[in-house]
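Worksheet for the structure shown next.
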Amino acid sequence: MKVLGIESSCDECSAAVVEDGRRVLSNLVLSQVDLHKPWYGVVPEIASRQHIEWIRGVVEDALAEAGTGIADLDGVAVTRRPGLIGSLLVGLSFAKGFAWARGLPLVGVDHILAHLYAPHLVRDIDYPYLGLLVSGGHTIIARVERWDAIEVLGTTIDDACGEAFDKVAKHHGMGFPGGVVIDRLAQSGDPDAFRFPKPKLWKGDARYDVSYSGLKTAVIHQLDQFWNGKAERSLANIAASFQRTAIDILVDRVVRAAADTGLRRVVAGGGVAANSRLRSCLAAEPGLEVIFPPLALCTDNAAMVAGLGWRLLRDGKTSGLDLNAEARVSMFKRKYP
Ligand code: KG4
Ligand code: ZN
């Protein structure tokens with residue numbers, strides 16, 4: 001079965017053709033990084049307008065690179081939520097029109113579940129496992145039962161981890177996207193130069209939760225307070241110290257959740273899963289089997305959408321043309337009583 005995947009939830013305009021949920025025949029990702037760089041963040045209106053310009057071409061190119069004609073396709077999978085509403089609507093509307101015109105089944109895919117599916121594109125992974133989804137909009141630790149069934153154990157009570165990387169980089173003028181430049185700068189920095197605070201969320205429902213607003217405030221407004229008094233106050237040292245704390249917070253929660261649930265297999269996904277420190281720290285944890293997607297499949301891409309779409313199509317979970325986009329999904333956000 002060949003599935004066309006379409007992803008436009010944020011600032012990447014991507015189309016892919018994947019066979020049987022595994023063989024990636026093409027996976028084109030057009031990045032809008034240069035368009036958003038002057039603002040150190042994604043400007044939603046610019047993102048959706050650019051998707052409109054690119055969507056048709058990227059789909060045509062993905063089909064051509066895969067050597068696949070439209071008549072060879074068995075379905076169309078598209079990200080429907082969560083994300084920037086204008087951006088989502090471009091991909092979703094295109095996918096609906098395409099599927100309708102060609103009489104193909106349509107399947108709407110959840111972006112979070114698609115990120116968790118990404119490593120399944122390259123190897124077999126048995127369920128259940130502990131999922132760590134870390135992106136610009138979400139930070140989730142979940143028990144993953146199947147490709148379409150997860151139980152959220154912990155999430156952020158304020159900012160997402162990737163968002164903290166982006167905001168710190170923006171404030172200190174390090175560049176964009178924040179995670180990529182901080183990871184690079186940190187390689188030459190001293191992670192002990194600043195001793196930033198970690199959130200203390202140890203109790204009840206919050207046991208696996210994370211928080212990044214305190215760390216963000218410390219790195220942006222209270223640098224001197226956390227300086228060790230010896231190291232240079234350079235960007236590389238700020239980046240290394242921030243990254244160390246941001247990643248320690250994640251590793252701590254994953255280790256705790258693995259111990260409590262007995263789930264020793266950990267599967268990571270999302271843009272922050274590309275972080276070199278997260279990858280090395282988790283790999284060094286004794287007793288855990290840690291699986292990361294290849295770097296190109298960590299950040300947004302349509303192959304993961306086509307892969308998960310194949311699973312859903314096989315389960316008969318197709319969507320109607322009344323399928324709508326949703327910016328937020330309540331199950332992925334912390335609910336307050
Ligand atoms: O999954 P993704 O491409 O888009 C969303 O669904 O949000 O994730 C983007 C996020 C951004 O916040 C970016 O700064 C972060 O992933 N990121 C990284 C790295 N590469 C990208 N964060 C830390 N280290 C990296 N190497
Ligand atoms: Zn994403």
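Every number here is computed from the coordinates shown, using simple stated rules; none is lab data. Given the structure is predicted, the values throughout are model-derived calculations rather than measurements. Every residue, glycine among them, receives a Cβ derived from its backbone with ideal geometry; neighbour counts consider all protein chains shown.
Is the C-alpha gyration tensor of region 296-337 telling us rounded, prolate or oblate? Criteria: a/c under 1.5 is rounded; beyond that, a/b larger than b/c is prolate, otherwise oblate. In terms of gyration-tensor shape, oblate.
Using R0 = 35 Å, the C-beta based FRET efficiency linking Leu295 and Asp61 works out to 0.95. Distant-in-sequence amide contacts of Val290, defined by a placed amide H-H separation under 5 Å and a gap of 5 or more residues or a different chain, comprise Val266.
Mean residue ellipticity, 222 nm, helices only, the chain: the sum of -39500 (n - 2.57) across DSSP H runs of n ≥ 4, divided by residue count and rounded to 500, is -12000 deg cm²/dmol. What the Cβ-Cβ distance of Asp158 and Asp315 gives, at R0 = 30 Å and to the nearest 0.05, is a FRET efficiency of 0.25. Along region 204-212 the Karplus relation, 6.51 cos²θ - 1.76 cosθ + 1.60 evaluated at θ = phi - 60°, assigns HN-Hα couplings of x, 5, 8, 4, 10, 6, 10, 9, 10 Hz to successive residues, with x for each Gly and Pro.
Taking amide H positions as modeled 1.01 Å from N, with prolines and chain starts lacking one, the residues under 5 Å from Leu153 and 5 or more places away or on another chain are Ile141, Ala142, Arg143. With r defined as the distance between the Cβ atoms of Ile70 and Arg184 and R0 fixed at 45 Å, what FRET efficiency is calculated, to the nearest 0.05? So the FRET efficiency works out to roughly 0.65.
Each label was represented as a point 7 Å from its Cα along the Cα-to-Cβ direction; for Arg102 and Ser280 these points are 4.4 nm apart. Scanning the chain for DSSP H helices at least 18 Å long along the axis (C-alpha atoms) with a Kyte-Doolittle mean no lower than -1.0 picks out 44-66, 85-102, 235-261. With the simple spin-label model, which puts each label point 7 Å out from Cα in the Cβ direction, the Asp192 to Lys37 separation comes to 3.6 nm. When all alpha-carbon pairs of region 240-337 are counted, what percent fall beyond 20 Å? Distances greater than 20 Å cover 57 percent of the Cα pairs. Answer rounded, prolate or oblate for the chain, using the Cα gyration tensor with square roots of eigenvalues a ≥ b ≥ c: rounded when a/c is under 1.5, else prolate when a/b is larger than b/c, else oblate. Note, shape of the chain comes out prolate.
Can you classify region 68-179 as rounded, prolate or oblate using the Cα gyration tensor, where a ≥ b ≥ c are the square roots of its eigenvalues, rounded means a/c under 1.5, and otherwise it's prolate if a/b beats b/c and oblate if not? Oblate, since a/c reaches 1.5 and b/c is not below a/b. Beyond 32 Å in Cα-Cα separation lie the following of the pairs Lys198/Lys317; Lys230/Lys333; Lys96/Lys333; Lys37/Lys198; Lys203/Lys317; Lys167/Lys200: Lys198/Lys317; Lys230/Lys333; Lys203/Lys317.
Under 15 Å from the Cβ of Asp148, count the other residues' Cβ atoms, weight Lys and Arg +1, Asp and Glu -1, and hand me the total. Net of charged neighbours comes to +3.
Taken along the Cα-to-beta-carbon direction at a fixed 7 Å, the label points for Ala327 and Asp126 span 4.3 nm.
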